[in-house]
Structures are given as structure tokens and as C-alpha cells.
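What follows is a short report on a single structure.
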Amino acid sequence: MAAALHPKLLTDLRAGFAGEILAPGDGEYDQARVVFNAMIDRHPQLIAQCANPADVAAAIAFGREQGLEIAVRSGGHAVSGVSVNDGLVVDLRRMNSVVVDPEAGVARVGGGATMSDLDRATQPYGLAVTGGRDSSTGVAGLTLGGGSGWLERKYGLTCDNLLSVQLVTADGELLVADEDRHPELFWALHGGGGNFGVATEFTFRLHELSTISIAMLLWPPEAAPTVLRHYVDFIATAPEELGGGFVYFTGPPEDFVPAGLVGRLAAAVLLTYAGGEDEAREVFRPMLAHGHAGEMIAELPYAELQCMLDDPPGERNYWSAEYLDSFPEPAVDLFCARAADMIAPSASMHAVFPMGGAAARGNDFPVPWRAASWAVHPFGVWEDPADDARGKQWARDVCADMKPWSIGAVYLNFIGNEGEERVAAGLGTGNARRLAAVKSAYDPENVFHLNHNIVPT
């Protein structure tokens, strides 16, 4: 355990701090230290709730001077749940502003904003950018890891729409990285994660999207293998406006769920379409012909779609993923068979998402998984610690089953701590030397290492 900090040190830090400095015993400390994933329970010495970049620089400087391990928390939605015992958490969640310039079609987004903050700011202007699949996803972590979501087949990954990043380095320097300023750093920030500094603001290119249409189609689980084969064939010729996925989940008590599926395992196809309902229904038509047991078809604001599959904080989470070059019948059969091993009832989802389209055509950023055709994502969420071993094993078994069709790359935002080889797979082995050089230039002492870490050369 680290030595306690002298009270005068905290007094001096607080004196010039616009946000709040929380220590054990402070009224808001226990709430502030809790991370999204209930499997992770950390007790930092200090939580620096920053209000501006100057606070971020001051917190980093203080942590380094006192020899404290530094963790960075942005939106806070991550299976890794980065925090630290005895060290310092640089918490950006107060920095969640979003400023939209509808004429220029851009948004400036604070480093602590969530997708809910961003989507609700852009929605009134009929604009959007690829987000995650959950309104509580933090914009910073999503973007720095590449950024996968419902709109990626039409508008590319989140990072493909990134115009600039404001960053505080380990030395406390505030800089802006874009195509002209610090271009190597800007490249690395497209998939390299939080290795290079603390991102305090992002500027995104936005796209016109006044409405989105969805279809949620349900089947009993025994019908799933046949349905999934139809879905794979359907996606092969689907337009890029179409996204969504196939998922096993525990049927919620919603109006459109047949009584026989309420509270038990169900199979579902979620179809999303970047456009109006009339056009969407024509695109959806091939999947509407397979005898589904329940349906919901609607046209709604994109921000509302983001809230549909929210993963609530405070539950136990273990996720993994495998990215595939194809999804043939043997893979379909293995995928469907593993649904029997998932924890149900729970908020877990046994999912597969189609890739391709604009997501596959992006620039040569360190996101090698964009080349995949399919993403298999065992998304484990449960309440009882007694289910931990079972839930983890299910996710690992799913990935092991998919290995014969894997491209070897993986989206790091979809996994926790799975070792150095998986980090290398997420960044791309051909990018390793280049990323390490950027790390050496901006964080040579590896201050920011509580992440999918890139070791400086």
C-alpha cells in the first residue's frame, strides 16, 4: 500500500483545481470510485474529477511527482473497468460537453462524454456519427479503440470520422493532433487506445441522418440455426445502409415478445436501416418471410436506438470477440450450440454482427479487424459472483470454436485483459514498431499503461 499523502499536498492541489479532488472518507468518494464492471473493486488514493484540460495536466503532474500509478477514466463503459488501488484516477466525466456546428457538419465532444451526450446533441439537427451499440458507451474509449457501431457499414468506424483530438501528454503539454499537426500521433489515436495521453476533446465529421428504421424479429432458440443461415445469406447482398446483428438473449417482458419467450432464451435478428420505414421494409422483406414469432418494426430517432440494448452498470461483465473472414454452416452450427452455455436468465447476449461496407474501406489505421466479414461477440453480463467461472468459460469456448474462421485480429474494445498476444492482434503486428515509436515520443516512461498497453521502444 502506498504511503498516505500529506494533507498540505492535497490542500495545495485543490487550491488551483476547477473540479473536485476526492479522497477516501469524502462524501462522494465511494460513488465516484465504482466502475462499470462489478467484477472490479478498486480503492484509489485520489480521484481527480477534472473540469478542464488544466485540471488534467495538474492531476498528471501531481500523480507523477508523488509516484502514484495513474488510471484514466473517460465515459466509464468498459469491460476492463480501468482503476487502481492506492493510485490516482484522472476522471473526465465532468468534461462531457458537446458543441454541434450544423452548417459545418461537425461536433466538438468533451473527453468525458457518452454516446447519449453526443447523440442527443446531434439529433435535433438530423446529424449523427457512428457510435457504439449502447448509449452509456464513452466517446473517448470508443473512438481511440477504433469505434464499432450500428452505422459502421454506411459511415465507417467512429475513428474514420475523427477530424482532430485535443490531448494532454504525460509531460502536461496540451496539443492538438490532426492530419497536419502531430500526424503520426493522429494516426496512432485511430485504434491505439489511451496509450499516448489523455484525450480531452474530439472533433468529428457528422452525417445526415434524420431517422433510422429498425426491425426486431424473434424466434424460439430451436429455430435459430436455420434463421441464422438465412441471415448470413441475406447480409451478402444487403445495402450498406443496413446494419444490426443476430443475437441470443433472455427475452424481456416487452409487448412484442410472445408469451412463450418472456423470461427465457430467445433468438433475434435486429435489422437497422439508415433511412425511413417505407424504404426499410422493402430492404427487410427477405428476413420477414421466415415465420418469426414476434416482431417490432419502427422508425425512430437514432438516439433512441442507442438506448434499446443498454448494458446497465453495476453488474458483472466478461466479454470477448472473434473476427471472421466468413461464417459458413459449420461455424453457424457451433455458434448456435454454444448458446446453451450462456447464463440465462441474465443480461448476457450471444451476438454476431455483420461487418463490411464503409467499415472495410477506411484508411490504413491500426484497426486490422476492419477487414473481417463478421464479428462474433460473447457478451457476458450477470449478477451472481458464483456464475463468474461459468460465464468466463462460455465466452472463451465461443472464441475457441470460431478460431478456424478467424482473421486473427480483434477489436480491443470488445475484450478485457487477454494477454499481450491479443493486444498485438488488436493493433496489427505490422503496426507494432510504428505504434511503439509514437508511444516513445509522447509517453516514453509509459505513464499511461493501465490499458491495452503499447510498450515504448
task = List the strands (runs of 3 or more DSSP E) that sit entirely inside segment 195-281 and contain at least 2 residues that are among the hydroxyl-bearing types (Ser, Thr, Tyr).
result = 198-205, 242-250, 265-273
query = Do any helices (runs of 4 or more DSSP H) entirely within segment 1-120 hold 1 or more residues that are in contact with a Pro (Cβ under 7 Å, 6 or more places away or on another chain) and of a type in the set (Lys, Arg), and if so, which?
reply = 29-33
note = Of the residues in segment 414-430, those that are touching a Phe, Trp or Tyr at 6+ places or on another chain (Cβ under 9 Å), in a helix (DSSP H, G or I) and within 22 Å of residue 197 (Cβ to Cβ) come to 426
task = Test residue 172 against the stated conditions and say whether it is part of a loop (DSSP other than H, G, I, E, B) and under 22 Å from the mean Cα position of the chain (by Cα).
result = no
Among the residues listed as 202, 284, 246, the single one being of a type in the set (A, V, I, L, M, F, W, C) and more than 25 Å from residue 146 (Cβ to Cβ) = 284
task = Specify which of the listed residues (120, 64, 42, 108) is under 20 Å from residue 26 (Cβ atoms) and of a type outside the set (Gly, Ala, Ser).
result = 42
message = Between a residue in segment 350-372 that is more than 17 Å from residue 405 (Cβ to Cβ) and any residue that is crowded, with 19+ Cβ neighbours inside 10 Å and among the aromatic types (Phe, Trp, Tyr), which pairs come within a Cβ distance under 7 Å, given they are 6 or more apart or on different chains?
response = 358/155; 365/187
key: Those strands (runs of 3 or more DSSP E) lying entirely in segment 317-395 with at least 2 residues under 19 Å from residue 154 (Cβ atoms) and assigned by TED's automatic domain parsing to the domain that holds residue 232   = 349-354, 374-382
note = Going through (1) buried (at least 20 other Cβ atoms within 10 Å of the Cβ); (2) of a type outside the set (Phe, Trp, Tyr); (3) free of Cβ contacts under 8 Å to residues at least 40 places away in the same chain one by one, residue 197 fails only at (3)
request  = Mind listing just one residue for me: the one in segment 86-106 that is out of contact with any strand residue (DSSP E or B) (no Cβ under 8 Å at 6 or more places or on another chain) and free of Cβ contacts under 8 Å to residues at least 60 places away in the same chain and, of those, surrounded by the fewest Cβ atoms within 10 Å (Cβ to Cβ)?
outcome  = 103
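The values are calculated or read from the model by the stated rules, or taken from the named source; none is laboratory data. Since we're looking at a predicted model, the values are computed, not measured. In this analysis, Cβ positions are derived from the backbone assuming ideal geometry, glycine residues included, and neighbour counts consider all displayed protein chains.
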